[in-house]
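Visitor: Quick one: structure below, then a few questions.
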Amino acid sequence: MVFLITFCMVVTVGLAGLFLMKGFVGKSAEGKEAEKKADTWPAAADSGESGGTLTLFGERIPERGKEAADPQRGRENAEGAGDGAEAEPEPAGRYAAELADEEYLKENRILPWEAGSDEEVTLGFVGDILFDDEYAIMASLKSRGGALENGISPALLEKMREVDIMVVNNEFPYTNRGTPTEGKTFTFRADVDTVAYLRDMGTDVAILANNHLYDFGETGLLDTLDTLEGAGIPGVGAGRNIKEASAPLYFIVNDIKIAIVAATQIERLENPDTKGATENSAGVFRCLNPQKLYETVARAKENSDFVIVYIHWGTEFMEEPDWAQLEQGPGLAAAGADLIIGDHPHCLQGIAYIDGVPAIYSLGNFWFNSRTADSCMVRVTIGREGLKAFQFIPAIQSGCRVDLAYDEEKARILDYMRSLSPGVSIDGEGYIGVQD
């Protein structure tokens, strides 16, 4: 009996062992098969056998590894959706094609620009400045510590900096080299480092078409071009050749394209000290013979919405425009100018509408010498339909400083400008229009 009981127990344990072994082997095989499937899944997925997804606990998991296999798709995904960022929009508007072509912009001196408003753009203009430390302005500034606010008042600097495009007449070369023009009474130059003052003013455009840019010869002129380029401030009205010197500077802002052309009549000689640029030599854009200037303005008008001509003309210390101004003004209007800004006489001259085109004959000195003199800043607002506002902002240069004019002095300067500007209305804030 004992033997039978023992035999039955051995048989039972043996059978249980066989069942356990079978289960273990089965699970091991299933595990290997699963491992094999896991090892081969990416390849199957790439071949399309998995349909690009893996089902896990009822959820469909997006296929991984596509970006690694296709770098271009990865870049597109990163650009299109990376970190929630959107791809940069393509330029829109009438000038979209130009704005999208960086090489074209560079070749044609076109600057994409931003304004404080989406509907219009403001520009400011001031007359002659001088940074030569051998003359009173800079000597005085250095004695006051050298801060720009000690030469141009904070209130006036604020007005200069708040416009979208600030234009300044740069009446000297930036150079530490060269030889002064022999026989010339006044020759100016400024250390190249002083270009920092131009930046601090908020200057966006430096006018170079004047009778002092060549005071230290071609060397000084070329150093000026290099200095301004290094400072990121474009110059207009001078260049390494006539093509560069006469080239307009364009701004595209709010789907408005604005051209700035600069030229000088001064000196009015056949062989002037200030050399005109030629096909092969550096110089300024001269317009004593105005034909090329008229042609340049006409081309600029064909290629833009609004053309500004900044011209160096007139007779020094004469408040009335001279014969050459009166002759060339209508020619500029006929060629396509929409606004004419003049300087050189070192004093204010009147405002006029020349065949419907607004013009100020001379801005006068801005920050140029120690004399007490009436001065100004002109501010214009341009919209898609043209000129929206033209404002004369009175200022006074005195004691090597320039500041806004206030109260009685402001009223006096505005009255003076009215006396010089028949047919023009100037209100108490200097806004200009055609007199009824």
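The values are calculated or read from the model by the stated rules, or taken from the named source; none is laboratory data. Fair warning: this is a prediction, and the values are worked out from it, not measured in the lab. Neighbour counts are summed over all protein chains in view; Cβ atoms, including those assigned to glycine, are modelled from backbone coordinates with ideal geometry.
Visitor: Which residue out of ILE233, ILE242 is free of Cβ contacts under 8 Å to residues at least 40 places away in the same chain, surrounded by fewer than 22 Cβ atoms within 10 Å (Cβ to Cβ), assigned by TED's automatic domain parsing to the domain that holds PHE188 and not polar (S, T, N, Q)?
Guide: On inspection, the qualifying residue turns out to be ILE233.
Visitor: If you don't mind, another one. Give me a count of the residues in the range 99-115 that are assigned to a loop (DSSP other than H, G, I, E, B) and over 24 Å from ALA245 (Cβ atoms).
Guide: 4
Visitor: So, in the range 348-398, how many residues would count as being among the acidic types (Asp, Glu) and within 17 Å of GLY127 (Cα to Cα)? Spell out the reasoning first.
Guide: Our first condition is that a residue be among the acidic types (Asp, Glu); within the range 348-398, this holds for 355, 374, 385.
From the residues that got through so far, the ones that are within 17 Å of GLY127 (Cα to Cα) too are 374.
So the count comes out to 1.
Visitor: Can you tell me which condition THR179 does not meet? The list is (1) surrounded by fewer than 19 Cβ atoms within 10 Å (Cβ to Cβ); (2) at pLDDT 95 or above, and all the others hold.
Guide: The failed condition is (2).
Results for (1) surrounded by 15 or more Cβ atoms within 10 Å (Cβ to Cβ); (2) under 23 Å from the mean Cα position of the chain (by Cα); (3) touching a residue at least 40 places away in the same chain (Cβ under 8 Å); (4) under 23 Å from GLY386 (Cβ atoms), shown as yes or no for each residue.
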| position | (1), (2), (3), (4) |
| --- | --- |
| ALA100 | no, yes, no, no |
| GLU114 | no, yes, yes, yes |
| LEU123 | yes, yes, yes, yes |
| ILE129 | yes, yes, yes, no |
| GLU134 | no, no, no, no |
| MET138 | yes, no, yes, no |
| LYS142 | no, no, no, no |
| SER153 | yes, no, yes, no |
| LEU157 | yes, yes, yes, no |
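Visitor: Strands (runs of 3 or more DSSP E) wholly in the range 382-436 with at least 3 residues that are aromatic (Phe, Trp, Tyr) - which ones? Working first, answer last.
Guide: Values: elements: 386-398, 401-404, 424-426, 432-434.
Here the list is empty.
Visitor: Let me ask something else. Restricting the search to the range 294-317, which residues are of a type in the set (A, V, I, L, M) and assigned to a helix (DSSP H, G or I)?
Guide: VAL297, ALA298, ALA300
Visitor: Let me ask something additional. Could you tell me whether ASN289 is more than 25 Å from ILE165 (Cβ to Cβ) and not hydroxyl-bearing (Ser, Thr, Tyr)?
Guide: So ASN289 fits the description; yes.
Visitor: With the requirement that a residue be at positive phi and either in contact with a helix residue (DSSP H, G or I) (Cβ under 8 Å, 6 or more places away or on another chain) or basic (Lys, Arg) (or both), what does the range 310-329 give you?
Guide: Listed by number, the list holds a single entry, GLY314.
Visitor: When you go through (1) more than 21 Å from MET417 (Cα to Cα); (2) touching an Asp or Glu at 6+ places or on another chain (Cβ under 9 Å); (3) surrounded by 23 or more Cβ atoms within 10 Å (Cβ to Cβ) one by one for ALA334, which number turns out not to apply?
Guide: (3)
Visitor: Additional query: Could you list all residues from the range 353-369 that are under 22 Å from ALA206 (Cα atoms), in a strand (DSSP E or B) and either hydrophobic (A, V, I, L, M, F, W, C) or in contact with a Pro (Cβ under 7 Å, 6 or more places away or on another chain) (or both)?
Guide: ALA359, ILE360, LEU363, PHE366, TRP367, listed by residue number.
Visitor: Now a separate question. Take ILE137 and decide whether it is under 16 Å from PHE368 (Cα atoms) and among the β-branched types (Val, Ile, Thr).
Guide: Taking the combined requirement at face value, the residue satisfies it.
Visitor: Separate question: Please give the number of the condition VAL195 fails out of (1) among the β-branched types (Val, Ile, Thr); (2) assigned to a loop (DSSP other than H, G, I, E, B); (3) in contact with a helix residue (DSSP H, G or I) (Cβ under 6 Å, 6 or more places away or on another chain).
Guide: Of everything listed in (1) among the β-branched types (Val, Ile, Thr); (2) assigned to a loop (DSSP other than H, G, I, E, B); (3) in contact with a helix residue (DSSP H, G or I) (Cβ under 6 Å, 6 or more places away or on another chain), VAL195 misses just condition (2).
Visitor: Could you tell me whether the range 378-391 includes any residue that is free of Cβ contacts under 8 Å to residues at least 12 places away in the same chain and of a type outside the set (A, V, I, L, M, F, W, C)?
Guide: Yes: one or more hits.
Visitor: Then there is this: Among the residues of the range 318-352, write down those that are part of a loop (DSSP other than H, G, I, E, B) and of a type in the set (S, T, N, Q).
Guide: GLN349
Conditions (1) assigned to a loop (DSSP other than H, G, I, E, B); (2) at pLDDT 95 or above; (3) within 19 Å of the chain's Cα centre (by Cα), marked per residue:
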residue	(1), (2), (3)
ALA206	no, yes, yes
ASP215	yes, yes, no
PHE251	no, yes, yes
ASP273	yes, no, no
ASN280	yes, yes, no
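Visitor: Listed residues ALA196, ALA190, ALA147, ALA206; which is free of Cβ contacts under 8 Å to residues at least 40 places away in the same chain, in the same structural domain as SER398 (by TED's automatic domain parsing) and surrounded by 23 or more Cβ atoms within 10 Å (Cβ to Cβ)?
Guide: After ruling out the rest, the residue left standing is ALA206.
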